[in-house]
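Q: Below: one structure in C-alpha cells.
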Amino acid sequence: MVRAYEKYHPFPQVPIENREWPSKTITKAPIWCSVDLRDGNQALVEPMNLDEKLLMFNTLINIGFKEIEVGFPSASETEYEIIRTLIEENYIPDDVTIQVLVQAREHLIRKTFEAIRGAKNVILHFYNSTSALQRKVVFKTDVDGIIDIAVNGAKLIKKLSKEVDSDMNLRFEYSPESFSGTEMDNAVKICSKVMEVFEPTKDNKIILNLPATVECSTPNCYADQIEYFCKHLPGRENAIISIHPHNDRGTGVASAELGLLAGAERVEGTLFGNGERTGNVDIVTLALNMYSQGIDPKLNFSNIKKIMEVYEKTTKMKVPPRHPYAGELVFTAFSGSHQDAINKGMEYMRSTGSKYWEVPYLPIDPADIGRDYEPIIRINSQSGKGGAAYIMQTEFGYNLPKEMRADFGAIVKARCDETGKELKPQEVFDLFKSEYIGINEPYELCGYSFKHERTDKGTVVKFIGEIKHNGVEKVISGTGNGPIDAFFRAIKGTGLDKYVFVSYNEQAISDGSDSLAVSYIQLKDPDGRPVFGVGIDSDISIASLKAIMSAINRSLKK
C-alpha cells in the first residue's frame with residue numbers, strides 16, 4: 001500500500017559545484033518591479049476597478065517604484081482600457097516605466113502593441129511555460145516545441161517593435177514560466193534562443209525573468225538554479241537577471257534574498273506579498289530586511305500605515321497583525337523578559353546618544369516607518385517589571401527607580417491574573433496611583449513645618465508636625481541634616497522607629513514653574529522586607545514625607 005506522502009516527488013538537486021552564493025552578502029538594493037496591478041490584481045476575489053488601480057499606481061510611484069507592471073492588456077477589455085487611461089490621461093511620470101504582460105501568442109501580442117501605443121517607457125514582458133510538468137501534461141510537447149513558441153513570439157515582438165513610435169523607449173523581458181520546475185540546461189537553452197532573436201548588448205540589455213512560479217524547493221535550491229543559469233548563459237553580460245519568487249512553501253522572501261546572492265539583479269513582487277495561492281514575494285519585508293542591515297532599499301516605507309490603508313482599500317484584504325514590520329503587533333512585547341530588555345535598550349539609547357539602533361527584540365526603529373512607540377510594550381499576565389515601568393515612563397512620565405520596578409510589576413501582574421485581560425496604559429497608571437499615592441491610613445501626617453538653622457557644624461533642618469493614629473494626634477519633632485533625616489528622627493517613639501531608610505529618588509513630571517515633584521522612597525520594614533512609597537507635591541520636601549508615609553502605611557496594610 002502506498003502511503004499518502006509517497007506520491008510526491010522529491011525536488012531534484014541542481015548539479016552545481018563550487019557554488020559561490022553562500023559566501024556573498026547583499027550590499028545594495030535590486031531593481032524593483034511592482035506587479036501589484038497585474039499579478040496581485042489577478043489573485044483578488046474582486047479585482048481593482050479603475051479608481052482603485054489609479055490609487056494603487058500613485059501609491060507605488062510615491063513609494064519609489066520605477067518599474068510597474070500595470071496589466072495584461074490582451075486578457076480582457078477592462079485591462080486594456082485601464083492601460084489606455086494611464087497613457088492617454090498622462091498618469092505615468094517620465095521616469096517611470098510601465099510593464100505589460102503577454103503570452104507568446106500572435107493575436108495576444110498584437111493586441112498588446114495596440115495597448116501600449118503612445119507610452120514613453122515600456123517593458124514588454126512575454127512568456128511561455130517551460131517546466132517539465134507543463135510540457136508533459138499541458139502542452140504534450142518536447143523542449144524543441146517549447147523553444148519554437150518562445151522564438152516565434154520573440155520574432156513577432158521584434159518585428160512589431162520596429163513599427164512603434166520612435167519616441168517610445170521599448171525594452172523586452174522574457175520569462176520561462178515555471179522556471180523553478182524547468183531543467184536548468186533547458187532553461188538556459190530556451191533563454192539563449194530568445195536572446196539570439198533580440199541581439200541584446202551591454203547597453204541595451206534584455207531582461208530574463210526567472211520565476212519560481214510555484215515554489216517547490218528550499219530557498220538554497222532556487223539559489224543554485226539562479227547561479228547555475230547565470231554561469232551557463234551565453235552572453236550573460238547582455239542580460240538583466242530578474243527573479244519572481246512565489247511563496248507556496250512560505251519562504252518567498254528567503255528565496256529572493258538567496259537569489260540575489262546568486263546573481264539576480266532585479267526583483268518582481270507585491271506589497272505585503274499579495275498574489276495567487278500563498279502570494280508573491282513580499283517587497284515590503286524584503287526591502288525592510290535590507291534596511292535593517294544598513295542598506296538603502298531605494299523604496300520609501302516611512303509611512304507604512306498609509307501604505308497599508310491603500311493596500312487594504314484596493315485589495316479588500318487585511319495585513320495580518322503579525323506581518324513582518326507592518327503588522328499591528330510586530331513591535332509589541334507582552335513577555336516580561338522581552339519588555340525588560342526593550343526598556344533597558346531604550347534607556348541605553350537615551351543615555352548614550354548612540355548613532356546605531358541597539359534595542360533588543362526590535363530589528364528596526366519603529367519610528368522609521370511611521371510606527372508609534374506607545375504600543376511597543378503592552379501589559380498582560382505574561383508581562384514583567386520592565387513592561388510596567390516602560391508604560392509609566394513613556395505614557396505618563398514617571399521614571400520608576402530600578403529597585404521599585406519588580407514591586408510594581410508584581411502588582412500589575414496580579415491584576416492581570418485576576419482579570420484575565422490586557423491592561424490599558426491608563427489602567428496601569430490608575431493601579432499605580434491607588435497602590436502608592438495618598439495612602440493615609442493607619443498613620444496620617446497632619447500639620448508640619450521645616451525650619452533651617454545654622455550651627456557651628458553647618459545647616460541643620462528641624463521638623464515639627466502632627467501625626468494621627470487611630471484618631472489620636474501626637475506632636476512630633478526632630479532635627480537632622482536634611483528634611484528626610486529630620487522626619488525620621490521625629491517619628492522615633494511613635495511605634496514606627498523600626499523602619500529603616502534605604503534609598504530616595506526624585507524627579508519632576510511637568511515643565512515650568514508649576515511642575516510637580518515626585519519622590520520615590522524605599523524602606524525596610526521591621527522584618528527587614530523592602531517596602532516602597534511614592535509622594536507627589538509641588539515642594540520636593542513635602543513629596544518626600546508623603547512618600548515615607550505611603551511606604552509605612554502600605555507595609556502596615558499588608
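The values are calculated or read from the model by the stated rules, or taken from the named source; none is laboratory data. Because the structure is predicted, anything quoted here is derived from the model rather than measured. A quick note on method: Cβ atoms are made from the backbone with ideal geometry, for glycine too, and the neighbour counts reach across all protein chains shown.
Q: For region 367-386, enumerate the residues that are modelled with pLDDT of 95 or more and crowded, with 19+ Cβ neighbours inside 10 Å.
A: The answer is I369, and nothing else.
Residue by residue, here is whether (1) touching a strand residue (DSSP E or B) at 6+ places or on another chain (Cβ under 6 Å); (2) free of Cβ contacts under 8 Å to residues at least 40 places away in the same chain; (3) more than 22 Å from D372 (Cβ to Cβ) holds:
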{"position": "A389", "(1), (2), (3)": "no, no, no"}
{"position": "G397", "(1), (2), (3)": "no, no, no"}
{"position": "P401", "(1), (2), (3)": "yes, no, yes"}
{"position": "G409", "(1), (2), (3)": "no, no, yes"}
{"position": "R454", "(1), (2), (3)": "no, yes, yes"}
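Q: Yes or no: T59 surrounded by 15 or more Cβ atoms within 10 Å (Cβ to Cβ) and of a type in the set (S, T, Y)?
A: Against the criterion (surrounded by 15 or more Cβ atoms within 10 Å (Cβ to Cβ) and of a type in the set (S, T, Y)), T59 qualifies.
Q: Just to be sure before I move on: is P93 surrounded by 15 or more Cβ atoms within 10 Å (Cβ to Cβ), touching a residue at least 12 places away in the same chain (Cβ under 8 Å) and assigned by TED's automatic domain parsing to the domain that holds L271 in the structure I sent?
A: It is false that P93 is surrounded by 15 or more Cβ atoms within 10 Å (Cβ to Cβ), touching a residue at least 12 places away in the same chain (Cβ under 8 Å) and assigned by TED's automatic domain parsing to the domain that holds L271.
Q: Pull out all pairs, ordered by first then second residue, where Cβ-Cβ is under 8 Å, the residues are six or more apart or on different chains, the first lies in region 301-314 and is farther than 16 Å from F65 by Cβ, and the second is among the small types (G, A, S) and surrounded by 20 or more Cβ atoms within 10 Å (Cβ to Cβ).
A: Going by the 8 Å Cβ cut-off, the qualifying pairs are M308/A326.
Q: Restricting attention to region 278-303, and to residues there that are of a type in the set (D, E, K, R) and surrounded by fewer than 22 Cβ atoms within 10 Å (Cβ to Cβ), which single residue is nearest to E46 (Cα to Cα)?
A: For region 278-303, the residue satisfying everything is K298.
Q: Filter region 237-263 down to the residues that are on the phi < 0 side of the Ramachandran plot and among the small types (G, A, S) and list them by number.
A: Result: A239, S242, G252, A254, S255, A256, G259, A262.
Q: Quick one: E441 ticks every box in (1) assigned to a loop (DSSP other than H, G, I, E, B); (2) at pLDDT below 85 bar one, so which box is it?
A: Here E441 meets the rest and fails (2).
Q: Also, I was wondering about something else. State yes or no: is E347 in contact with a Pro (Cβ under 7 Å, 6 or more places away or on another chain) and outside the structural domain of P47 (by TED's automatic domain parsing)?
A: Answer is no for this residue.
Q: Of all residues in region 1-45 being more than 27 Å from the chain's Cα centre (by Cα) and among the acidic types (D, E), which is farthest from G294 (Cα to Cα)?
A: For region 1-45, the residue satisfying everything is E6.
Q: Taking the criterion of being under 15 Å from the mean Cα position of the chain (by Cα), under 27 Å from S292 (Cα atoms) and either at pLDDT 85 or above or crowded, with 18+ Cβ neighbours inside 10 Å (or both), would at least one residue in region 387-409 satisfy it? Show your work before the answer.
A: Kept after step one, since they are under 15 Å from the mean Cα position of the chain (by Cα), are these residues of region 387-409: none.
Checking region 387-409: not a single residue is under 15 Å from the mean Cα position of the chain (by Cα), under 27 Å from S292 (Cα atoms) and either at pLDDT 85 or above or crowded, with 18+ Cβ neighbours inside 10 Å (or both).
Quick grid of which residues meet (1) among the β-branched types (V, I, T); (2) closer than 25 Å to D372 by Cα; (3) outside the structural domain of I376 (by TED's automatic domain parsing); (4) crowded, with 21+ Cβ neighbours inside 10 Å:
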{"site": "E237", "(1), (2), (3), (4)": "no, no, yes, no"}
{"site": "I241", "(1), (2), (3), (4)": "yes, no, yes, yes"}
{"site": "D248", "(1), (2), (3), (4)": "no, no, yes, no"}
{"site": "G269", "(1), (2), (3), (4)": "no, no, yes, yes"}
{"site": "G275", "(1), (2), (3), (4)": "no, no, yes, yes"}
{"site": "K305", "(1), (2), (3), (4)": "no, yes, yes, no"}
{"site": "V310", "(1), (2), (3), (4)": "yes, yes, yes, no"}
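Q: Restricting attention to region 455-488, report how many residues are more than 56 Å from the chain's Cα centre (by Cα) and not in a strand (DSSP E or B).
A: 4
Q: Applying the selection to region 153-170, what residues are under 18 Å from G118 (Cβ atoms), exposed (fewer than 13 other Cβ atoms within 10 Å of the Cβ) and at pLDDT 95 or above?
A: Of everything in region 153-170, just one residue is under 18 Å from G118 (Cβ atoms), exposed (fewer than 13 other Cβ atoms within 10 Å of the Cβ) and at pLDDT 95 or above, namely N169.
Q: For region 489-523: of the residues being of a type in the set (G, A, S) and part of a loop (DSSP other than H, G, I, E, B), which is nearest to A543 (Cα to Cα)?
A: The first filter runs over region 489-523 and keeps only residues of a type in the set (G, A, S), leaving 490, 493, 495, 503, 508, 510, 512-513, 515, 517, 519.
Subset that is part of a loop (DSSP other than H, G, I, E, B): 493, 495, 510, 512-513, 515.
Numbers: G493: 23, G495: 22, S510: 15, G512: 18, S513: 16, S515: 12 Å.
If we take residues in region 489-523 being of a type in the set (G, A, S) and part of a loop (DSSP other than H, G, I, E, B), then S515 is nearest to A543 (Cα to Cα).
Q: Identify, please: which residue in region 104-113 is surrounded by fewer than 19 Cβ atoms within 10 Å (Cβ to Cβ) and touching a residue at least 40 places away in the same chain (Cβ under 8 Å) and is, among those, farthest from P176 (Cα to Cα)?
A: R110
Q: Hey, another quick one. Yes or no: P363 in a loop (DSSP other than H, G, I, E, B), closer than 27 Å to T419 by Cα and not β-branched (V, I, T)?
A: No.
Q: Same structure, new question: Checking T141 against (1) surrounded by fewer than 16 Cβ atoms within 10 Å (Cβ to Cβ); (2) touching a helix residue (DSSP H, G or I) at 6+ places or on another chain (Cβ under 8 Å); (3) modelled with pLDDT under 95; (4) assigned to a helix (DSSP H, G or I), only one condition comes out false. Which one?
A: Looking at each condition in turn, T141 falls short on (4).
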